[in-house]
Each structure stands twice: as C-alpha cells, then as structure tokens.
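One structure below.
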Protein chains: 2
Amino acid sequence: MRFPQLVLRLPDWLEEALQDPGRVYLTAEERMTAVIRLAQLNVEHGTGGPFGAGIFEHEEGKLLAPGVNLVVPMSCSVAHAEIVAIAIAQRMVGCFDLGGLGMPRYELVTSTEPCAMCLGAVAWSGVRWLVCGARDEDARRVGFDEGPKPTGWQQALEARGIGVLADVCREQGAAVLEQYGRTGGLIYNARQGR
Amino acid sequence: MRFPQLVLRLPDWLEEALQDPGRVYLTAEERMTAVIRLAQLNVEHGTGGPFGAGIFEHEEGKLLAPGVNLVVPMSCSVAHAEIVAIAIAQRMVGCFDLGGLGMPRYELVTSTEPCAMCLGAVAWSGVRWLVCGARDEDARRVGFDEGPKPTGWQQALEARGIGVLADVCREQGAAVLEQYGRTGGLIYNARQGR
C-alpha cells in the first residue's frame, strides 16, 4: 500500500482514569471537572497537549466518549481533544450524526473553547450543546494559534440548534494551559520551519 | 477496551487510480483535475461524498497524499477530504507540521473550498498554499451546511503565510457536486433527528 491507514489511539492511562462506565455526571461543572482532569493527566503522562473533552448524554449525564489532544504523539495536527471525542463517539454509535433519530441528546464538553477547526467540527457532529471551560484568549495567551474564527460564532451554533454554555470552571481549565506553557510544553503551531 | 481506536482507511480503488508514484503535476489545473477526479470516483464507487483533495509538493508537483470524503462509510463527520489528506500526509512525513524545517513547501488542493472545520485545519496543518475548485456557495446550493466561516478568511490564512488560489476549474468541481445532488446523494448534515 502506498498510502497508510490513519489510526488514532487513546493513551493507555485513559481507560484506567475512567474506570466506571456507569458513572453519571449530573452537572455541567462535574462534566467539566472530568474533562479538565483528562487534560491535566494528558500533560502529566506526556501523551499530548493540555486539552480534554468528552461527549456526554445531556439529560442522563453518562459519558459516551472521551477525547484528549494527541497532536504530537500521533503526528496529526487534526487530533484535537474535541475531534477525537466526536470521532470516537460516532464510532461507538455507528453513525456520523450524534443528533440522529431516536438518539439521546448529546453534549460536547471541552476544557478550552474550540479552535476554528473544532468549532466547525461541532456543527457537523450532531451534538446539541457545547460546554466550554477556558476561553480562546487563555489558549492564545499560552501561544496556541487558535485560527480564524467568526465573530458571533455562538449565535451561528445556536442558529443550528446547538446551545452554548461558556466559562464553566474557566479558571481550572486555564490553569492547565498556564502550567503547560510555564513548564515548556510544546506549542505545536504550524509552519515552524519558517 | 471500553473506547475503540479510530481507523480511517482510504477506499481500495484509490491506490489503483493513483498508480504512478513518480507522476508530477506541474500546474494548479493539473493538480485540481486530479483531485476532482478523486471526488468523481468516490461518488461512482459509493465510498463517500463528492469531495477530493490532495497534498502536493508546491514546487516539484509530486502528490504526497490524497484524500476523499469518508463521512458516511466511516461513520465519522470529521472525515472530510481535506482532513483525510492532511492526516495521511502528516503520517507519511512523521510530523504534525507539514511546514517543518527542511521540508518542501506543501500545498493543499481541494475540489471544493474548505468548510469551517477544514478551514481551521488548514491553519494547523503546515501547508503554504491552499488551492480551491468549487466555491462554498456551490456546496451550499446542493444542501451541505458548510458551517460558520469568518468573512475575510483568505486574508486570515495569508496573514499566516498561507497563499490562497480560488476558482481553479470551479465549473468541473461544481459539476461533481451538482450531479451528486441531482442523483440523490446523501447530504450528511447533522441533527437529522430533529
């Protein structure tokens, strides 16, 4: 084969960190605390950038799929936490649309507000809610180039039936970013050869 | 394992369609013609949506990695042609940055202007050029929700050192979209359960 398959694999520590498949995360804060912990563990284990995410059942509060940033270990710039969580969730339900007929309503919880790419991915994913921790500006302050995002993106999502809840545990999410920056974590922006 | 791996696999016909690994695509039109052919073949084989892409060496004209839309067959809303091409290319060079030190300058050629997600992915990828065929409005006319894109996105890419060339073989790219729409191809927008 001339062209390889793409394989993205969650880090080994992650299954252990989420041992109880029956656990219910009732509030937005509980869900955010869980994904910020994934971001923190991802940095501690050296398995990627300081970002965590999860797809939760909006009403019931069960975690369908987690995601962590895998850009550097997987040599894949699209392997952001949100993208990983969305793709794993869709694989688990066997459908490209997490908003399909007869499904529970799903929500994407992310430790930092989505970058331009992940914002676009949210619109395609089928989730009905987006819950954000740290802000875009918190990620940019550390040095990440979050890309060209439209002003009024919250309204653009809401016009598509996707509710947005921002600043949930923002300080805790931002603290993981700051620590990553302070301790010399790799800022994997593109075009570093110039 | 509670959570599956993500595996994205190019369709079998694709290796055969790109048999000559030494082939050089000298002009933007030649490169575009090649990726529009991938879009067309993807529809004919029933292996995904009407979109094709490729990462080419900007100066030398060799194809590093192709991509086609795999959203429906892979049950993965992020598996757009551009995302697939970028991720395969990065896997082939073993780096998350296609603009790394000592690399040739790479260009992303896509049969239709990137949606919001893929636009963000371009900024993270490391490519130095983006070459577009059909326009955003051609995809929206068929029914695809291309998502929230900022006005002036071309300038936002150019500010990052990514040149944009639009409307290359636009009619041919748009014709593949139109035919897909006319013949009842699945418009895989999200939240179809509502």
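Here are some notes:
- Whichever residue in region B:89-98 is touching a strand residue (DSSP E or B) at 6+ places or on another chain (Cβ under 8 Å) and without any contact (Cβ under 8 Å) to a residue 40 or more places away in the chain and, among such residues, is surrounded by the fewest Cβ atoms within 10 Å (Cβ to Cβ): B:Met92
- The residue that is nearest to B:Val35 (Cα to Cα), among those in region B:74-115 that are small (Gly, Ala, Ser) and more than 7 Å from chain A (Cβ to nearest Cβ), is B:Ser111.
- Looking at B:Arg194, B:Arg170, B:Arg182, just one residue is more than 18 Å from B:Arg128 (Cα to Cα), without any contact (Cβ under 8 Å) to a residue 40 or more places away in the chain and under 16 Å from the mean Cα position of the chain (by Cα), and that residue is B:Arg170.
- Residues that are over 22 Å from A:His45 (Cβ atoms) and not hydrophobic (A, V, I, L, M, F, W, C) were ranked within region A:68-98; the one that is nearest to the chain's Cα centre (by Cα) is A:Gln90.
- Checking each residue in region B:129-160 for being within 11 Å of chain A (Cβ to nearest Cβ), buried (at least 21 other Cβ atoms within 10 Å of the Cβ) and touching a residue at least 40 places away in the same chain (Cβ under 8 Å) picks out only B:Phe144.
- Where B:Leu177 falls short, out of the listed (1) among the aliphatic types (A, V, I, L, M); (2) within 28 Å of A:Ile187 (Cβ to Cβ); (3) more than 8 Å from chain A (Cβ to nearest Cβ): (2)
- Sub-7 Å Cβ pairs linking a first residue in region A:35-57 that is without any contact (Cβ under 8 Å) to a residue 40 or more places away in the chain to a second residue that is in a helix (DSSP H, G or I) and surrounded by fewer than 24 Cβ atoms within 10 Å (Cβ to Cβ), at least 6 apart or interchain, are A:Leu41/A:Trp13; A:Leu41/A:Ala17; A:His45/A:Trp13, ordered by first then second residue.
- Near pairs, Cβ below 7 angstrom, 6+ apart or cross-chain, from region A:68-88 (at positive phi) to any residue that is modelled with pLDDT of 95 or more: A:Ser75/B:Gln90; A:Ser75/B:Arg91; A:Ser75/B:Gly94; A:Ser75/B:Cys95; A:Ser75/B:Phe96
The values are calculated or read from the model by the stated rules, or taken from the named source; none is laboratory data. From a predicted model like this one, the values you see are computed outputs, not experimental measurements. Here the Cβ is made from the backbone with ideal geometry for all residues, glycine too, and neighbour counts use every protein chain on show.
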